[in-house]
Structures are given as C-alpha cells and as structure tokens.
Amino acid sequence: MNSKTIAAWKNPIILLVTIGIANIGEWIYFIALNLAVLESSGNNALAVTGLYIMQPLATVLTNFWAGSLIDRLNKRTLLIALNLIRAGVIALLPFFSSLWIVYFIVFTLGSANAVFQPTSMSYITRTLAAAQIKKFNSFRSLIDSGAFLIGPAVAGILLAFGTPNFAILTNAAALFSAGVLTLFLPNVETISEKALHEKLSLNMLKADFKAVQSFSLSYRLIMKIYFSFSGITVMATALDSLEATFSISVLNLSNQEYGFLVSVAGAGILVGSIATVAVADSLSLALMMGGGTLLVSIGYLIYAFSTSFIAASIGFFVLAFSLAFANTGFQSFYQLNIPVDLMGRIGSLYGLVESLFTMIMILLFGITTQFMTLRSIIILGSLGTLSISLILWKASSKKVETNFELID
C-alpha cells in the first residue's frame, strides 16, 4: 500500500475504528444492562422485556422529525455531539435504581441512536470516494461481526471482575472516546445560513415528506430495491423472535446446544465478512444483494425444515455467511443511489416505517403461534423471505440510472 493509498484511507480507517469501539461498547451495555435490571427487579423477566420495547418505541417517536434536522445540520458536529450525549446518558444509569427512570434513560438513548444511524450514513457517504464504498462496507461488516464475538467476551471479562454498573460505565467511556476520535475527521459540508436558522415546524415536516415522496416516485426502481431489502429485514427479525422457542421446544435442543447454535451464526457472519473483504471489489452490487439475500432465505428454509442440531447449524451458518454479503451490497447500493442531501430524511422516514412493520410482524407471528405450529410459522416466514429475495434479485439486476450516481 503506497503513501497515496494510505492517505486516501486515513479518514475511512478512523471511521472504522470509531464504529468498532461503539459496536463493542454496545454489546457490553446490552448484556450488562439486562443483568442490572434483572438483578434490581428481583429476576423479573417482564422488567427486562420493557427494555426491548424502548428502542423501537424511541425510533417510532423520533424518526418522523429526525431526518429534517439531520439534513440541515453539520453531520460531523452532530456525530460528535451524539456520541458525547450517548456517553453521558449511559453514565447516568448506574446512579438510578428506579426502573421507570432507567426506562426513561434507555428511551432517551434509543432516540439518540435513532438520530445517530442516518447521520452516520450521510457523513460516511460524504467522506468516502465512490470507489472506496464497497471496500469500506465490507470492512464495516467484518468489524460488526467481530464486535458480535468480541463484545460479549469483553462483557464477560468485565462482569467476572466487576459489576454490571462497572461494565455500563466502561461503555460510556468507549462512546466518549469515539466522540473524541470523530474530532480528527474532516468537516465535509457547508450548511447554508437559511438551513441554520430554519426551525422545526409542521410546514417543514410536510415539505420534507413531499421531497421524500417526490424522490420515491421519480426513482421507483431504487425504492423497489430499498423496500425489498427492508422487507427481508422485517421478516428476518420476526423469524428471529421465534428462534429460541423453535430451537428448544421443537428441535429439542438443550440450552448449551442453542448457545452453540448462536456461536455457529457468529462464526458464519465472521467468515462471510472475511470473504466479503476479499472479493467485494470483484462482485456487482446486484450479486451481493440479490444473491446474498437469496442464500439468507435458503438458510432460513434449511433451519425451518431441520430435525437435528447438525441441520439447524448448517442453516444458521448459511444464512449468517450470506448476510455479510447482503448487508455490504445493500449499504453500498444505498450510498451510491440515494442523494446525500436527502439521506437523513429518507433513512429516518422509511426507518420509521420499517420499525412499525417489524413490531407488527413480531406481534403477528406471536399471535399466530396460538393457531399454528411453530414449524409451520417458521416455514411460511422463510418462504415469504425467499419470495421477497427473488423480487430483490430481479429488481437489482436492472440498470439503475440517477442524476447523482450509478449502481455498479
């Protein structure tokens, strides 16, 4: 790697480091907070369930206005502020024992996360050269999968030698360091005076909704690909909500075997991420997205029809391995084909829709368990995922032309 290449990758490397720190910290926070709430509530499982409701609830209540602010504010400044805010909010958790205050803090953190994700996507897109996007996203997938394995391990070490509160404070320190690292990234945009002085209002939200609607109607193929991938994400999340029950109640796996099954998935996405890094530049986005999601759905089908631990493990490995390619392809497609000035609004508004459908599908799958067998539900859900992936494959194989970028 020559000096020019190293210079070109300096900022992307800083971005990847901050993402890695935040992701590992998020796993530490997730595990430690669950244990802290379980302990403080006297092992009340319902109290922990409340934590899982806070994130989608915060997303739903935040996303309908967040994009309007994101697209009008300086992304680098906003990222720094959000990292520091998240660090400060998490640092407050150990000092409160009231479950309702903890819920409020977690809700606040969820709102910050809902703003952070589209802000991060917009800033990263502005920072990277088009030729760097696929390679960057493949490295990001590798970092995400590494965090999936390293995060729980670090959390286990911290909890072995300390308390859940100590682990939570460690995550706060990690987010603070990510915020400080962001200071070394360049300011890649200039915000107009008009945008700086605009106030959030109903008229602004209406105008922004119309802007998103206009883009969506003008570039139907792009949105067909976007919604297809989003549909697969919704179906996969709904299927995952029944995963533990299906594995233990239907496949009769022990807790230890189920834990190993999850580890197989972790190994699959890690191996898939390494493979993605190696071949990303030589694969088209259509193959990564369409082929990746098709194999993900096949992995779910193998799992749905499995009758043994070995068969379930094969299904888990296939879907996790393929997920690395699918996610890298979709993120790259999004960055190359969504106008950067609209990313905040599109990501927030349609992220809200995705969150609503996710909650609806999880609830629907849960209710359906009262009328159908678990295996039937998993099979139908997997077939639904397969159908959507075929639509995505067909749509992504077509040439997408825009005024700003081209799908490769």
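The values are calculated or read from the model by the stated rules, or taken from the named source; none is laboratory data. Predicted model, so just to flag it, every value in this text is computed and none were measured. In this analysis, Cβ positions are derived from the backbone assuming ideal geometry, glycine residues included, and neighbour counts consider all displayed protein chains. Ligands, DNA and RNA are excluded from the accessible area calculation, which covers all protein heavy atoms including side chains. Shrake-Rupley method; radii C 1.70, N 1.55, O 1.52, S 1.80 Å.
Could you go through the stretch 195-217 and let me know if any residue there is open to solvent by 60 Å² or more (accessible area, probe 1.4 Å), of a type in the set (Asp, Glu), in contact with a helix residue (DSSP H, G or I) (Cβ under 7 Å, 6 or more places away or on another chain) and farther than 19 Å from residue 357 by Cα. Walk me through how you get there before you give the answer.
First, pick out the residues of the stretch 195-217 that are open to solvent by 60 Å² or more (accessible area, probe 1.4 Å): 196-200, 202-203, 206, 209-210, 213-214, 217.
Checking which are of a type in the set (Asp, Glu) leaves us with 198.
Applying the additional criterion that residues be in contact with a helix residue (DSSP H, G or I) (Cβ under 7 Å, 6 or more places away or on another chain) yields 198.
From what is left, the residues that are farther than 19 Å from residue 357 by Cα are 198.
Yes, there is a match, as at least one residue in the stretch 195-217 is open to solvent by 60 Å² or more (accessible area, probe 1.4 Å), of a type in the set (Asp, Glu), in contact with a helix residue (DSSP H, G or I) (Cβ under 7 Å, 6 or more places away or on another chain) and farther than 19 Å from residue 357 by Cα.
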Checklist entry - What is the number of the single condition among (1) modelled with pLDDT of 85 or more; (2) in a helix (DSSP H, G or I); (3) open to solvent by 40 Å² or more (accessible area, probe 1.4 Å) that residue 184 does not meet? => result (2)
Checklist outcome for this item: Of those in the stretch 106-115 that are open to solvent by less than 40 Å² (accessible area, probe 1.4 Å) and either in a loop (DSSP other than H, G, I, E, B) or among the β-branched types (Val, Ile, Thr) (or both), the residue nearest to residue 273 (Cα to Cα) is 115
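So, in the stretch 101-126, of the ones that are hydrophobic (A, V, I, L, M, F, W, C) and within 16 Å of the chain's Cα centre (by Cα), which residue ends up farthest from residue 86 (Cα to Cα)?
Here is the first cut: in the stretch 101-126, the residues hydrophobic (A, V, I, L, M, F, W, C) are 101-102, 104-107, 109, 112, 114-116, 121, 124.
Within this subset, residues satisfying the condition of being within 16 Å of the chain's Cα centre (by Cα) are 109, 112, 114-116, 121, 124.
Details: 109: 6, 112: 7, 114: 11, 115: 11, 116: 10, 121: 18, 124: 19 Å.
Of everything passing the filter in the stretch 101-126, 124 is farthest from residue 86 (Cα to Cα).
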Item to check | Conditions (1) at pLDDT below 90; (2) surrounded by fewer than 24 Cβ atoms within 10 Å (Cβ to Cβ); (3) part of a helix (DSSP H, G or I); number of the one not met by residue 301 | outcome: (1)
Next on the checklist: Going by what's in this entry, would residue 155 be described as open to solvent by 40 Å² or more (accessible area, probe 1.4 Å) and of a type in the set (A, V, I, L, M, F, W, C)?
Outcome noted: no
Item to check | Yes/no for residue 175 being at negative phi, assigned to a helix (DSSP H, G or I) and modelled with pLDDT of 85 or more | outcome: yes
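Counting only residues that are polar (S, T, N, Q) and farther than 28 Å from residue 380 by Cα, which one in the stretch 328-363 is surrounded by the most Cβ atoms within 10 Å (Cβ to Cβ)?
Among them, the one singled out is 348.
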Item to check | Failed item, numbered, when residue 284 is tested on (1) open to solvent by 20 Å² or more (accessible area, probe 1.4 Å); (2) free of Cβ contacts under 8 Å to residues at least 24 places away in the same chain | outcome: (2)
Checklist outcome for this item: Restricting attention to the stretch 116-141, the residues that are open to solvent by 20 Å² or more (accessible area, probe 1.4 Å) and either in contact with a Leu (Cβ under 8 Å, 6 or more places away or on another chain) or at positive phi (or both) number exactly 6
Checklist entry - Does any residue of the stretch 134-148 turn out to be at pLDDT below 90, farther than 21 Å from residue 89 by Cα, in contact with a Phe, Trp or Tyr (Cβ under 9 Å, 6 or more places away or on another chain) and of a type in the set (A, V, I, L, M)? => result yes
Checklist entry - So which residues in the stretch 338-384 are polar (S, T, N, Q) and over 19 Å from residue 300 (Cβ atoms)? => result 348, 355, 370
Checklist entry - What tally of residues in the stretch 248-265 results from selecting those that are outside any helix (DSSP H, G or I) and of a type outside the set (Ser, Thr, Tyr)? => result 3
Checklist entry - Any idea which of (1) open to solvent by 80 Å² or more (accessible area, probe 1.4 Å); (2) among the basic types (Lys, Arg); (3) modelled with pLDDT of 90 or more is the one residue 399 doesn't satisfy? => result (3)
Item to check | residue 166 being within 17 Å of the chain's Cα centre (by Cα), farther than 25 Å from residue 66 by Cβ and open to solvent by 10 Å² or more (accessible area, probe 1.4 Å) | outcome: no
Checklist entry - For the stretch 232-247, how many residues are part of a helix (DSSP H, G or I) and over 14 Å from the mean Cα position of the chain (by Cα)? => result 10
Checklist entry - Looking at (1) open to solvent by 30 Å² or more (accessible area, probe 1.4 Å); (2) modelled with pLDDT under 90; (3) in a helix (DSSP H, G or I), can you tell me which one residue 386 breaks? => result (2)
Next on the checklist: Just the residues that are under 20 Å from the mean Cα position of the chain (by Cα) and either surrounded by fewer than 16 Cβ atoms within 10 Å (Cβ to Cβ) or closer than 16 Å to residue 166 by Cβ (or both), please, taken from the stretch 83-100.
Outcome noted: 87, 90
